[in-house]
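The values are calculated or read from the model by the stated rules, or taken from the named source; none is laboratory data. It should be emphasised that the depicted structure is a prediction, and the values quoted were computed from it without experimental measurement. Please note: Cβ atoms are built from the backbone with ideal geometry, for glycine as well, and neighbour counts cover all protein chains shown.
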Amino acid sequence: MWYWLLRAGAIAALKVFFNLTVEGAENLPKKSNFIIAANHASLLDPVVILAAIPRRIYWIAMRTLYRIKFVRWFIVRVEAVPAGRSSERLVDLLMNNKSVGLFSEGGVSRDGTLKEFKTGAALLALKTGRPVVPCAILGSYRALPRTEVFPRFSSITVKIGTPLYLLKEFEDVIDDIRLQEGTVRIRNSIKEMIYVV
């Protein structure tokens, strides 16, 4: 219940203060759960994705965030999965028809530019066969850069890309080359949405 209440509040606030628009919602798989992979330029991004994606998403949250009282309250209510030994938990969620999400850069970008990606999304896709839905968040860095405390009123857009399918690996150890290839595909898809108008 908390998830949907928080989502309704996020939609209202982001539309009023940041003119939130969502493009490509039709790309979300209708007959399967999926993995959201998004860029991370602002502390606003988790709330932005919460508002933009009309499906229940289980997110990875950095363990350090649990030390911040309000942030802890929020991530507990949305049932985020603590980072660290999260891979097995996320695989279990995916295999039980739940959708999961990751900010693939592994942290907030210091200057708003796209950083190199961690391999988490590709690893989950290769282990479960679930599609990766790339999401590009534009405008959140202008609205609330990492170094600021108070947001500026700037438009934010979420672009939802075409799902990427990586063939499921049935081996216990995923081949590094396939893992890197999948990660590059995911990053390139998001990069194109950010930098191509």
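Numbers at a glance
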{"item": "Failed condition for Ile36, given (1) among the β-branched types (Val, Ile, Thr); (2) in contact with a helix residue (DSSP H, G or I) (Cβ under 8 Å, 6 or more places away or on another chain); (3) over 26 Å from Lys168 (Cβ atoms)", "result": "(3)"}
{"item": "Filtered residues of the range 45-70 (kept if touching a Pro at 6+ places or on another chain (Cβ under 7 Å) and not aromatic (Phe, Trp, Tyr))", "result": "Ala61, Arg63"}
{"item": "Residue in the range 2-31 that is surrounded by the fewest Cβ atoms within 10 Å (Cβ to Cβ), counting only those that are modelled with pLDDT of 95 or more and within 23 Å of Leu166 (Cβ to Cβ)", "result": "Glu26"}
{"item": "Filter result for Thr183 (outside any helix (DSSP H, G or I), among the hydroxyl-bearing types (Ser, Thr, Tyr), modelled with pLDDT of 95 or more and under 15 Å from the mean Cα position of the chain (by Cα))", "result": "no"}
{"item": "Residue tally, condition without any contact (Cβ under 8 Å) to a residue 24 or more places away in the chain, within 30 Å of Glu148 (Cβ to Cβ) and basic (Lys, Arg), over the range 78-114", "result": "0"}
{"item": "Near pairs, Cβ below 7 angstrom, 6+ apart or cross-chain, from the range 33-57 (without any contact (Cβ under 8 Å) to a residue 24 or more places away in the chain) to any residue that is among the small types (Gly, Ala, Ser) and in a loop (DSSP other than H, G, I, E, B)", "result": "none"}
{"item": "Boolean, Leu90 is surrounded by 18 or more Cβ atoms within 10 Å (Cβ to Cβ) and either over 14 Å from the mean Cα position of the chain (by Cα) or within 20 Å of Glu26 (Cα to Cα) (or both)", "result": "no"}
{"item": "Qualifying positions in the range 119-158 - modelled with pLDDT of 95 or more, over 26 Å from Asn96 (Cβ atoms), in a loop (DSSP other than H, G, I, E, B) and not aliphatic (A, V, I, L, M)", "result": "Gly139, Ser155"}
{"item": "Positions within the range 106-126 being more than 15 Å from the chain's Cα centre (by Cα) and at positive phi, in sequence order", "result": "Gly112"}
{"item": "Within the range 84-118, considering residues that are of a type in the set (Gly, Ala, Ser) and not in a loop (DSSP other than H, G, I, E, B), the one modelled with the lowest pLDDT", "result": "Ser87"}
{"item": "Subset of the range 9-30 (residues that are without any contact (Cβ under 8 Å) to a residue 24 or more places away in the chain and either within 12 Å of Ile49 (Cα to Cα) or not in a helix (DSSP H, G or I) (or both))", "result": "Lys30"}
{"item": "Gly129 being on the phi > 0 side of the Ramachandran plot, of a type outside the set (Phe, Trp, Tyr) and surrounded by 14 or more Cβ atoms within 10 Å (Cβ to Cβ)", "result": "yes"}
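Rundown of residues vs (1) within 16 Å of the chain's Cα centre (by Cα); (2) hydrophobic (A, V, I, L, M, F, W, C), yes/no style:
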| site | (1), (2) |
| --- | --- |
| Gly9 | no, no |
| Val16 | no, yes |
| Gly24 | yes, no |
| Ser32 | no, no |
| Ile36 | yes, yes |
| Leu43 | yes, yes |
| Pro54 | yes, no |
| Ile57 | yes, yes |
| Thr64 | no, no |
